[in-house]
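The values are calculated or read from the model by the stated rules, or taken from the named source; none is laboratory data. Predicted model, so just to flag it, every value in this text is computed and none were measured. Cβ placement follows ideal geometry from the backbone for every residue including glycine, while neighbour counts extend to all protein chains displayed. Remember, those area values only see protein heavy atoms, side chains included, never the ligands or the DNA or RNA. Shrake-Rupley method; radii C 1.70, N 1.55, O 1.52, S 1.80 Å.
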Amino acid sequence: MYGFVQILIFMRPTNQIIETTDQIISDGVRRGILHLYTDNDSLQGNLITLKGKPVVNFGSCSYLALEFDPRLREASKAAIDNYGTQFSESRAYVSVKLYAELEELLYKLFDAPTVITPTTTLGHISNIPVLMSSADAIITDQRVHNSVNTAVSLMAGAGTHIEIIRHNRMDLLEDKIKALRNKHRKIWYLADGIYSMFGDIAPIDEIYQLLDSYPQFYFYVDDAHGMSIHGKNGRGSVLNNRRFHPKMALGTSLNKAFASGGGAMVYPDKEMARKVRTCGGPLITSGPLQPAQLGAAVAAAKIHLSDEIYSMQEELREKIKFTNLMLKKYRLPVIAENDEAVFFIGVHLPKVGYNMVRRMLDAGYYVNLGIFPAVPMKNTGIRFTITRLHSFSQIEQMISTMAEELGKALKEEGVTYEDIYKAFGLRVPEEQLLDKKVASVINQALSLGVFHYKSIYEVQKCEWDQVFTNKGTFDWKGLELLETTFRNNERPEDNWEFDYILIKDLITGRPVVATFLTTAIWKDDMLSPAEVSANVETKRVNDPYYLTSKVIATGSLLTEGEHLFIDRSSPFWKDAMQLLFDKINQLQEEYTTNSIVLRDFQDIDGEMESFLVDNGYFKVSMPDNNIVHDLDWKSRDEFYQRLSKWSKAHFRKQVKRYEDKYEIGIEKNPSEEDIDHWYSLYENVKNNSLDLNTFTLPRKLFAAIARDPSWEVLLLRLCPDSEEGSKKTVGVVFCHVSGDHYIPMIIGLDYTYNKEYKIYRQALYQLVMRGQMLGKKTIKLGFSAAIEKKKVGAVTCPTYAFMQTRDSFNAQALATVSLVVQAK
């Protein structure tokens, strides 16, 4: 199960990623901790100047510090003198002589054929479409580098089967191999040797065992962070004391510890290297590495082929060991203990991460912010690296400073060490177990109280309705109906957990924040394109819960509107929201849900958006809601006159000409046979439309709605004088009528007559007529079919959700690619 993030990426894969990334990174830029430039006129060593302040750089991936080696500098200068600043031809035509020299040296280094690419990313883009095909299956690790995922996304057009597995789960990988081996020519697993955020490693020995056990299994690995610092001749972590497996392809970077630039793609045989060199897209159309980089790379390769590389590796190893000792001494929350040069200190929420990077800069140390989309929002952390340039005293001073500043930042932001360990799913060390935190000074003074109820029957009706009347279908009576319906059922998807949270100002007795949450199973493709859902549903015939997730959300799958009440006039609203976040996090742990979703927001100002992002939530666009506001007309003719010119033409042809074919009625006392027929009409719509792909609603919901005074059932019957010759209910709409709004929630249609009598369009028109007749202020027509709803006067209202997910963003994006490919 992957989580609600996948649903939202299904909706707008590219735009949503761009919008969310823009939001997160731009916030860091505004705070002065991202998109920085050095002030230095020249660099030497690990001191850089940022905004006029000298700081020790703990963000460099040049682990062996070869960028300052005079041999690389001189070789780079000589290459410019000999070949100019560039040699601008595609490698498909001509390459400068240095290329041949470098590839020969790297052949010796890896003891395997090697192709040089301008960057590692372009190397993956050259490799993957050539090495893998539509006859293959691709399985990616959940945390594989984004550059690999970028290349994998190019396989969508080829129809390649793509899946993901949870990070480093070799048991799940073997299960996938067994399930796919009779369906595909090859099964490729794509992973990193050393993962770039947490610095943890892939279980290479176990992967080699699988390669030896399953003939169809192949391995593709990015070892960018292992290059130079591990293995014979610095060939990397994957090949450290291992042979080059004949069913493996490896990509690595010459832009980190190798200190020159470009990527190296390494193969088990010359034919595979030749084919990529000949057919890899960037190797045909992209520009080459330029002479200065090639000259430096040749010099670096010669160092790697000498014994000197081992003394450099050992020097770095000693500093990594020392770093690990210091991290234990100062009890920092290290997320993945390892012997690599990348370290990740968990801080839990973005607001703590922003705070810490700023504090460390002020103290004279530059470290990286590890934040979404590189890691899940709740897994924000401080990433730092160790190089040969760091002295032991610099390392200890930086770590001791980090420990001191982290304590201050946590206190300032209302977060504890216990929160951090829980967010990363780690055991809390005994020495860092703390008492339950009080979220703010206000709460400590006992001026805010949290009231949590498990049933609407525990909540005072007048108190709830005072807050939520006219907000939607979730007044006290509406929630009573939902609780009655979605409890004690046979199917798991029909059983919801209900939680009601009111956070009150204990001095005034008034709610500052209030909401209700439901925890339920959602389909991950709920809002995806219909063709994707159609494909997924074929798999659910045998596996009903394929690509589904347990989600905790404000509101429910059957409600729309302002589910979260916040009294922004209260000076304590942010403190109350912190208490709400704490309670929701507790419920997430209790129910073991993957995602938290706060919905539906329509008017979001900068302060609220920044506040939610700081606390680990990111904004996502929901489908637009459709609302009819203009209801002050006095007659049907006046309604018609207010339509646009285009809508008038549609109305005459598609609605008005069929109006006399129908009798419109409101049924108050239905029989069981009536409800059965209405339910069958609903099932028609459910089975014919996948635009909003949810589980089929239980029949007892319809029986409850039909007899609830807060609801009414609008019927569309064909007149006796129509061609059918007798009254026949061909359309039914279940509508909430309590309060100022008319809210049609569920529709059923007889598709036998829809084409001839335009039932859906007639239903939209009659809903507008009914809502106006009842004196409602608005008619809320919900998501989907925006064009049809606009024709009866609806306007679209952008709607947003804010969410957290345990899973990483790239994993969800890749799962989306998989389903889109299968749909094609």
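Looking at GLU404, GLU413, GLU418 in this structure, which one is open to solvent by 10 Å² or more (accessible area, probe 1.4 Å) and either under 30 Å from ASP141 (Cα atoms) or in contact with a strand residue (DSSP E or B) (Cβ under 6 Å, 6 or more places away or on another chain) (or both)? Full working, then the answer.
Details: GLU404 fails: either under 30 Å from ASP141 (Cα atoms) or in contact with a strand residue (DSSP E or B) (Cβ under 6 Å, 6 or more places away or on another chain) (or both); GLU413 fails: either under 30 Å from ASP141 (Cα atoms) or in contact with a strand residue (DSSP E or B) (Cβ under 6 Å, 6 or more places away or on another chain) (or both).
Being open to solvent by 10 Å² or more (accessible area, probe 1.4 Å) and either under 30 Å from ASP141 (Cα atoms) or in contact with a strand residue (DSSP E or B) (Cβ under 6 Å, 6 or more places away or on another chain) (or both) holds for just one of GLU404, GLU413, GLU418, which is GLU418.
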TODO: Give segment 131-151 a look and list any residue that's of a type outside the set (Ser, Thr, Tyr) and open to solvent by less than 40 Å² (accessible area, probe 1.4 Å), or say none.
DONE: LEU131, MET132, ASP136, ALA137, ILE138, ILE139, ASP141, GLN142, VAL144, VAL148, ASN149, ALA151
Open item on the list: Give me the residue from segment 56-95 that is free of Cβ contacts under 8 Å to residues at least 40 places away in the same chain and more than 30 Å from HIS230 (Cα to Cα) and, out of that set, farthest from the chain's Cα centre (by Cα).
Closed with: ASP81
Open item on the list: For segment 167-187, check the following and say yes or no: at least one residue is out of contact with any Ser or Thr (no Cβ under 6 Å at 6 or more places or on another chain), closer than 30 Å to VAL367 by Cβ, surrounded by 23 or more Cβ atoms within 10 Å (Cβ to Cβ) and not β-branched (Val, Ile, Thr).
Closed with: no
Open item on the list: Residues that are more than 37 Å from the chain's Cα centre (by Cα) and closer than 30 Å to PHE392 by Cβ, at least 3 per element: which helices (runs of 4 or more DSSP H) completely within segment 209-325 meet that?
Closed with: 291-304
Task: Pick from segment 188-235, criterion polar (S, T, N, Q) and without any contact (Cβ under 8 Å) to a residue 40 or more places away in the chain, ranking: nearest to LYS302 (Cα to Cα) - done: GLN209
Task: Set LEU154, LEU122: member being open to solvent by 10 Å² or more (accessible area, probe 1.4 Å), of a type outside the set (S, T, N, Q), under 25 Å from the mean Cα position of the chain (by Cα) and within 30 Å of ASP81 (Cα to Cα) - done: LEU122
- [ ] Show the residue pairs that are 6+ apart or on different chains and have beta-carbon atoms under 8 Å apart, the first residue being within segment 687-698 and in contact (Cβ under 8 Å) with a residue 40 or more places away in the chain and hydrophobic (A, V, I, L, M, F, W, C), the second being open to solvent by 80 Å² or more (accessible area, probe 1.4 Å) and assigned to a loop (DSSP other than H, G, I, E, B).
- [x] PHE695/ARG491
Open item on the list: Criterion first (buried (at least 21 other Cβ atoms within 10 Å of the Cβ) and over 18 Å from ASP691 (Cβ atoms)) does VAL551 satisfy it?
Closed with: yes
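Quick check: is even one residue across segment 572-585 open to solvent by 50 Å² or more (accessible area, probe 1.4 Å) and under 24 Å from the mean Cα position of the chain (by Cα)? Steps first, please.
Keep residues of segment 572-585 that are open to solvent by 50 Å² or more (accessible area, probe 1.4 Å), which gives 574.
Checking the rest, the ones that are also under 24 Å from the mean Cα position of the chain (by Cα) come to none.
For segment 572-585, residues open to solvent by 50 Å² or more (accessible area, probe 1.4 Å) and under 24 Å from the mean Cα position of the chain (by Cα): absent.
Starting from residues that are touching a helix residue (DSSP H, G or I) at 6+ places or on another chain (Cβ under 6 Å) and not in a loop (DSSP other than H, G, I, E, B), keep the ones in segment 514-535 and report whichever is most open to solvent (accessible area, probe 1.4 Å).
Taking segment 514-535 and keeping what is touching a helix residue (DSSP H, G or I) at 6+ places or on another chain (Cβ under 6 Å), we get 514, 519, 521, 524-528, 531-532, 535.
Then keep just the ones that are not in a loop (DSSP other than H, G, I, E, B); that gives 514, 519, 521, 531-532, 535.
Details: ALA514: 1, THR519: 7, ILE521: 37, GLU531: 112, VAL532: 4, ASN535: 33 Å².
Per the criteria, the residue is GLU531.
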TODO: Please enumerate the residues belonging to segment 476-507 that are under 20 Å from GLU560 (Cα atoms), open to solvent by 30 Å² or more (accessible area, probe 1.4 Å), over 29 Å from the mean Cα position of the chain (by Cα) and acidic (Asp, Glu).
DONE: GLU480
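Could you tell me which of the residues PRO350, PRO373 is closer than 30 Å to LEU612 by Cβ, open to solvent by 10 Å² or more (accessible area, probe 1.4 Å) and under 35 Å from the mean Cα position of the chain (by Cα)?
PRO373
Specify which of the listed residues (VAL792, VAL730) is within 22 Å of ALA703 (Cβ to Cβ) and touching a Leu at 6+ places or on another chain (Cβ under 8 Å).
Values: VAL792 fails: within 22 Å of ALA703 (Cβ to Cβ).
None of the other options fit; the residue is VAL730.
In the set GLY748, GLY771, GLY739, which member is in contact (Cβ under 8 Å) with a residue 60 or more places away in the chain, part of a loop (DSSP other than H, G, I, E, B) and open to solvent by less than 40 Å² (accessible area, probe 1.4 Å)? If you could, list the steps in order and put the result at the bottom.
Values: GLY748 fails: part of a loop (DSSP other than H, G, I, E, B); GLY771 fails: part of a loop (DSSP other than H, G, I, E, B).
When all the criteria are applied, what remains is GLY739.
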Task: Those residues of segment 780-824 which are at pLDDT below 85, farther than 13 Å from ILE164 by Cβ and in a loop (DSSP other than H, G, I, E, B), in sequence order - done: PHE783, SER784, ALA785, ARG806, LYS824
Task: Residues satisfying the stated conditions in segment 591-630, i.e. out of contact with any strand residue (DSSP E or B) (no Cβ under 7 Å at 6 or more places or on another chain), of a type in the set (A, V, I, L, M, F, W, C) and either modelled with pLDDT of 95 or more or over 24 Å from PHE424 (Cβ atoms) (or both) - done: MET608
Open item on the list: So in segment 64-107, with the set limited to residues that are open to solvent by less than 60 Å² (accessible area, probe 1.4 Å), in contact with a strand residue (DSSP E or B) (Cβ under 8 Å, 6 or more places away or on another chain) and not hydrophobic (A, V, I, L, M, F, W, C), which one is farthest from PRO291 (Cα to Cα)?
Closed with: GLU103
